[in-house]
1. Could you look through the range 51-90, keep only residues that are without any contact (Cβ under 8 Å) to a residue 12 or more places away in the chain and more than 23 Å from Asn12 (Cα to Cα), and pick out the one that is farthest from the chain's Cα centre (by Cα)?
2. Any residue at all in the range 41-56 that is small (Gly, Ala, Ser), modelled with pLDDT of 85 or more and surrounded by 12 or more Cβ atoms within 10 Å (Cβ to Cβ)?
3. Could you please find all residues in the range 23-58 being more than 14 Å from Leu88 (Cβ to Cβ) and assigned to a helix (DSSP H, G or I)?
4. Hey, could you check the range 1-22 for residues that are surrounded by fewer than 13 Cβ atoms within 10 Å (Cβ to Cβ) and either at pLDDT 95 or above or of a type in the set (Ser, Thr, Tyr) (or both) and say which is farthest from Leu73 (Cα to Cα)?
5. Mind checking which residues of the range 59-90 are surrounded by 10 or more Cβ atoms within 10 Å (Cβ to Cβ) and outside any helix (DSSP H, G or I)?
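The values are calculated or read from the model by the stated rules, or taken from the named source; none is laboratory data. Source: prediction; values computed, not measured. All Cβ positions, glycine included, derive from the backbone under ideal geometry; neighbour counts span all protein chains shown.
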Amino acid sequence: MYLINPLLTNNNLNNDGYNKLLADIDRTIAKLASTQYLNQVFGFQDKVDFTLYDRLCDYREIIIDKLMGCNCLEDEYLLYIMSKVQKLIC
């Protein structure tokens with residue numbers, strides 16, 4: 001018989017959780033941008049995932065809209081978005 005171990009996540013649906021997630025998104029976008037910059041300036045051939053960049057920018061806008069007071073999405077959708085973003089930035 002297997003024991004069920006609950007998985008604790010760090011998805012906090014409050015301003016601190018949103019700010020931490022925005023900082024993580026910004027850090028990942030900056031890493032992608034600096035990699036592309038080094039590719040163009042020095043001719044490096046490092047791979048840059050532009051679809052990841054586009055997705056992170058879209059999710060960043062959604063989270064900023066939520067922080068600004070737009071109640072377009074329910075909390076369950078934001079929880080799904082937060083978990084998706086955390087998978088993308090790992």
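1. Initial filter on the range 51-90 (without any contact (Cβ under 8 Å) to a residue 12 or more places away in the chain): 51, 54, 58, 61, 65, 68-74, 76-77, 80, 87, 90.
Checking the rest, the ones that are also more than 23 Å from Asn12 (Cα to Cα) come to 51, 54.
On the way: Thr51: 13, Asp54: 11 Å.
Per the criteria, the residue is Thr51.
2. no
3. Initially, the range 23-58 is screened for residues more than 14 Å from Leu88 (Cβ to Cβ), giving 23, 30, 33-48.
Residues satisfying the conditions are Ala23, Ala30, Ala33, Ser34, Thr35, Gln36, Tyr37, Leu38, Asn39, Gln40, Val41, Phe42.
4. Ranking the qualifying residues of the range 1-22, first place goes to Tyr2.
5. Across the range 59-90, the qualifying residues are Cys70, Leu73.
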